[in-house]
Each structure stands twice: as C-alpha cells, then as structure tokens.
1. Between residue 34 and residue 206, with labels modelled 7 Å along Cα→Cβ, what's the label distance in nm to one decimal, could you check?
2. At a 1.4 Å probe, what is the % contribution of carbon and sulfur to the accessible area of the chain?
3. Between the range 206-231 and the range 372-444, what is the C-alpha centre distance in whole Å?
4. Sequence gap at least 6, Cα distance under 8 Å: using those rules, report the relative contact order of the chain to the nearest whole percent.
5. At most 16 other Cβ atoms within 10 Å and a DSSP loop assignment: could you name the trypsin sites (Lys or Arg not before Pro) in the range 122-163 that fit?
6. Please turn the phi angles of the range 301-315 into ³J(HN,Hα) values with the Karplus equation 6.51 cos²θ - 1.76 cosθ + 1.60 (θ = phi - 60°), one per residue in order, whole Hz, x for glycine and proline.
7. Please compute the length gained on full extension between residue 151 and residue 392, using 0.36 nm multiplied by the number of residues separating them and subtracting their Cα-Cα distance.
8. If the cut-off is a Cα-Cα distance under 26 Å, which lysines reach residue 518, setting aside same-chain residues fewer than 8 apart in sequence?
Amino acid sequence: MNDLNAKSTIEAGKAILGVEFGSTRIKAVLIDEENRPIAQGSHEWENQLVDGLWTYSAEAIWGGLQDCYASLRASVKEQYGTEIETLAAIGISAMMHGYMAFNGKDELLAPFRTWRNTNTAQAAAELSKLFNFNIPLRWSISHLYQAILNNEEHVRDIRFQTTLAGYIHWQLTGVKVLGVGDASGMLPIDPATNDYSAEMAGKFDRLIDPKGLFGWKLLDIFPKVVLAGENAGKLTEEGAMRLDPSGHLKAGIPLCPPEGDAGTGMVATNSVRPRTGNVSAGTSSFSMIVLEKALSQPYKVIDMVTTPSGSPVAMVHCNNCTSDLNAWVGLFKEYQQLLGVPVDMDELFGRLYSHALEGDADCGGLIAYNYISGEPVTGLSEGRPLFVRSANDRFSLANFMRANLYASVGVLKIGNDILFKKENIKVDRITGHGGLFRTKGVGQRILAAAINSPISVMETAGEGGAWGIALLASYLVNNDRHLSLADFLDERVFAGNTGMEVKPEAGDVAGFEAYIEKYKAGLAIEEAAVRYKK
C-alpha cells in the first residue's frame with residue numbers, strides 16, 4: 001500500500017489498532033483493510049521486584065499505554081501528515097496469567113502480580129491434585145488460592161479478578177470480558193462449552209469456602225469468556241481519554257475480545273489450526289501446539305490452554321529465554337567500547353550468533369543455565385544465572401555462544417520432548433517468532449535441533465503479538481463471509497505464505513541431545529546455587 005492509500009484509510013477511520021503489553025515493551029501496530037501494518041509505536045518498560053514479587057505499577061501501565069499510543073500518533077503524523085480520529089476496531093493483548101484483584105469500588109487490592117512470580121507452588125500443587133489437571137504456578141487461579149493460603153486480608157473484598165489484558169480492556173470499555181485463550185490461563189476451559197470448567201469452579205468454591213463466608217464464588221468474580229469474533233464492547237468516552245489524552249480519538253470504536261500473548265502469537269504465525277504450532281522466544285519462551293485430540297494424561301510441565309477460537313493447545317512455558325544471553329552480548333558491547341570501536345547492536349548480535357554455528361554441535365561440553373528467575377519446568381523456585389565448564393571442555397567463543405543459545409531453548413526442549421517422544425504428537429508446521437530469530441537462520445537452526453522439527457519464520461514474525469491482536473480486531477469487523485478464524489487467516493491474511501523453513505541437521509540434533517543430557521545432570525549445580533542465599 002502506498003502512503004496515499006494508507007493516509008486515506010486512516011482518515012476514513014478504516015484502520016485497525018492492535019496493542020500488546022510485552023514483558024519489556026508495549027507495542028502498537030496500525031493495520032489497513034488488507035491486514036498490512038502501516039504504522040507502529042512503542043514504549044519500553046521493565047518489571048520491578050517489590051516485596052519479593054514481580055510487578056508493574058498502575059502508573060507504569062497507563063503511562064506506558066499512553067506513551068505507546070503517542071508514539072504511534074507521531075509516526076502517523078510523520079509518515080502521512082494526518083491525525084488518528086477514529087478507527088474501525090481496537091484489540092488489547094498482554095502477557096497472560098498473573099493476578100489483578102479489585103474490590104466493589106473497582107480499586108486494585110494488591111499490586112499486580114505477573115506471570116513471572118513463582119511463589120504459588122503450594123497452591124498450584126494442591127489445585128492440580130484437586131482438579132486432576134496441571135495447574136501452573138503462574139495461572140490466575142494459583143495466585144488467588146495462594147493469597148487465600150497466605151491469609152491475605154484483601155481476599156474477602158474481591159469482587160473482580162482478571163488478567164492485565166482484561167483489566168485494560170475493562171477500563172477502556174467498561175466491559176468485564178476475556179478472550180477464551182487468555183481465560184484458559186485463569187481456570188481450565190471446558191471444551192464442550194468454551195467456558196470455564198463449572199466442575200472445577202465448584203470444587204474450588206467448596207475447597208476455600210464451604211460455609212460461604214467469603215461472600216463470593218469463583219465464577220462471580222471472573223470475567224465472562226468470549227470467543228474470537230464475538231462482541232466485546234466499545235471504547236467509552238473515558239476510555240478514549242485514557243488511551244489518547246490529547247482528545248483526538250473518538251469513542252464508540254468496537255474492541256475485539258482481549259487476549260493473551262500466547263493467543264496473539266498463534267494468530268501472528270497462522271498457527272490456530274490443529275497440527276500447527278509456534279514458538280515464541282524472547283524474554284520468556286513458550287511453544288503452542290494445536291492438538292487433534294487430548295493428551296493421554298496430565299503432565300506437570302505442559303499447560304492445556306486454547307486458541308482464541310477455543311481449540312485445545314498444549315503449551316510449554318519457560319520463564320527464561322534470552323535475558324541472560326542478552327546480558328553476555330552486552331558484555332561484548334562493553335569490551336568493544338573499551339577498544340574505542342563503534343557498536344552496532346544488530347551487527348554485534350548477528351556476528352556472535354552466526355559464529356556460534358561454527359562451534360561443536362555439543363558445545364564442546366560447555367553448559368549455561370539462563371535462570372534469571374525461577375523455572376517451574378525444571379523445578380527451580382528461584383534463578384541463578386550460571387555458566388559451567390570443566391578443565392577439559394573445549395572453551396572457545398563459538399562454543400560459548402552456542403551453549404548460551406542452546407540454554408535459551410533448553411528448558412523448552414525438555415517440555416516438548418514429552419509431546420513429541422512420549423505422546424507422539426504430529427505437526428505439519430511450527431513457526432518461530434521473537435527476538436531469538438532476528439539473526440536470519442541461526443535461532444531457527446538452534447530450535448530445529450532442539451525439537452528435531454522443521455522451523456519456519458515469516459517476514460511478518462517481527463510484527464509480533466501487536467499485529468496478532470490487530471488481526472483479531474480485523475476478524476471482528478472484516479469477516480463478512482463468516483469464516484472460521486483459521487480460514488480467515490489462511491484466506492485473508494497469509495494467502496499461502498508459510499515463511500522460510502529450516503530443517504534440522506542430524507549432527508545438530510545429536511549434539512543438542514548430548515548437551516541436554518549433560519544439562520539435566522548438572523541441574524544439581526543450579527539447585528545448590530539457589531539454596532545458597534546471598
């Protein structure tokens with residue numbers, strides 16, 4: 001689309017906005033009627049560790065959203081010389097899970113507790129046993145029950161609990177709903193109803209409050225579940241001012257159901273149909289495999305969630321991915337600056353990543369543990385970043401970088417080995433997206449070796465979840481043929497584009513298998529480091 005057409009689309013109010021709150025960046029993407037990005041905005045932010053819990057303040061949430069939208073407005077003005085006055089639709093997405101609880105006056109009762117917190121081990125274990133269903137530490141129901149187990153006073157005052165995406169959507173529209181994919185990270189979804197499991201909700205109510213003293217039941221305080229394409233409210237006057245304090249944006253714009261970053265990643269990679277999957281690899285990592293049938297049994301390291309249209313998905317979520325790797329690259333940046341050499345970070349990442357492929361397939365015996373925070377898949381409640389080698393290992397820059405790249409997806413491999421080796425799950429296509437794949441071909445090759453499967457990356461993968469939620473907003477208002485979400489993406493968005501594929505190399509696969517066995521054996525070192533308190 002040329003600039004003139006994009007300008008006309010914006011001025012006619014036919015552009016669509018998607019906003020996603022990631023762990024380190026809030027991103028806004030504006031798309032046209034053909035679902036192509038035409039403008040972007042962003043805001044950098046970072047979580048804070050307050051009283052032992054990872055959080056973002058309400059001020060950071062709203063200040064970040066407003067700055068992100070202002071960045072988008074500035075981009076539109078610079079590119080097209082016009083202002084955003086209205087839009088065809090808006091979508092809000094955010095990192096899933098966590099805990100946001102409100103009283104009857106709509107006041108936040110405790111600081112937002114993000115997915116990253118691992119203080120819910122007791123709650124998750126008890127609920128998993130009660131439900132006979134794997135309930136992860138980061139899920140909203142785990143946070144709620146842990147607050148109850150901790151005798152936190154605010155629990156009796158709860159009248160609404162939601163996720164970050166659900167909170168922002170509610171404040172913009174006045175409507176307390178949640179997309180089914182995000183809702184599946186609050187409480188398991190019943191596939192027969194595409195709603196919270198009434199059986200599990202009943203068990204929870206009887207567990208925590210057999211005499212009804214709390215004054216609330218679980219389904220009364222959770223947001224209503226809605227599917228992709230369903231009505232989820234409109235932007236209110238107050239919501240318009242919260243998004244755009246400049247006053248230009250008008251109320252009345254429809255919003256699609258708010259979704260989690262897992263769901264938007266599936267949409268952005270066209271991975272909502274059974275036998276497809278995607279891997280997101282950034283600050284954290286997760287894989288999403290859309291299933292043809294249920295797994296044979298519950299697994300502690302595999303979460304059962306859904307696509308935005310309600311199809312069952314096996315999810316492996318890892319709290320740590322590229323943060324420690326990025327820190328090491330930052331160290332090389334400092335060294336380069338010390339030499340007085342100008343630093344281009346894209347070039348630095350590219351050279352180091354590409355050099356890693358020259359290392360030994362098993363990393364020469366080197367091992368890295370990238371645990372900035374705890375890692376439930378491997379049973380660690382806290383993290384200690386570690387680099388481990390013996391005197392006889394082949395210590396080189398290529399092996400060092402390769403070991404850290406392996407570490408970024410090592411835990412992901414441990415979880416996915418259950419799906420592919422024990423459950424014999426079949427997939428036709430897995431698509432990667434996120435920062436790990438920015439250097440062409442490298443992240444793909446590493447991941448292909450890890451899970452022994454071809455990995456595709458699309459040119460649009462860099463647009464990420466903000467584009468994914470914009471596509472869900474487009475599905476709300478542009479689906480005049482009433483297509484399923486999978487068909488809408490196939491026909492209206494991707495049109496046969498499956499991206500660039502990298503197949504696993506036998507030597508890489510064997511090398512990664514050797515690495516991961518040594519990695520698992522060395523977890524005792526990580527455990528000892530966690531036990532040692534500074």
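1. Label at residue 34, label at residue 206, 5.8 nm between them.
2. Values: 10550 of 21270 Å².
In the chain, the share of accessible area belonging to carbon and sulfur is 50 percent.
3. 37 Å
4. Values: 1139 pairs, mean separation 82.8, N = 534.
Relative contact order of the chain: 16 percent.
5. Numbers: sites: 129, 138, 156, 159; in loops: 138, 159.
Passing both the DSSP loop test and the Cβ count: 159.
6. Each residue's phi maps through the Karplus curve to give 9, 10, 9, 9, 10, 9, 6, x, 9, x, 6, x, 9, 8, 10 Hz.
7. Working: separation 241, 0.36 × 241 = 86.76 nm, distance 5.22 nm.
Here the answer is 81.5 nm.
8. 300, 413, 421, 422, 503, 533
The values are calculated or read from the model by the stated rules, or taken from the named source; none is laboratory data. For clarity, every value in this text was computed on a predicted model and none was experimentally measured. So basically every Cβ, Gly included, is an ideal-geometry build from the backbone, and we count neighbours across all protein chains shown. These area figures cover heavy atoms from the full protein model, side chains too; ligands, DNA and RNA do not enter into them. Shrake-Rupley method; radii C 1.70, N 1.55, O 1.52, S 1.80 Å.
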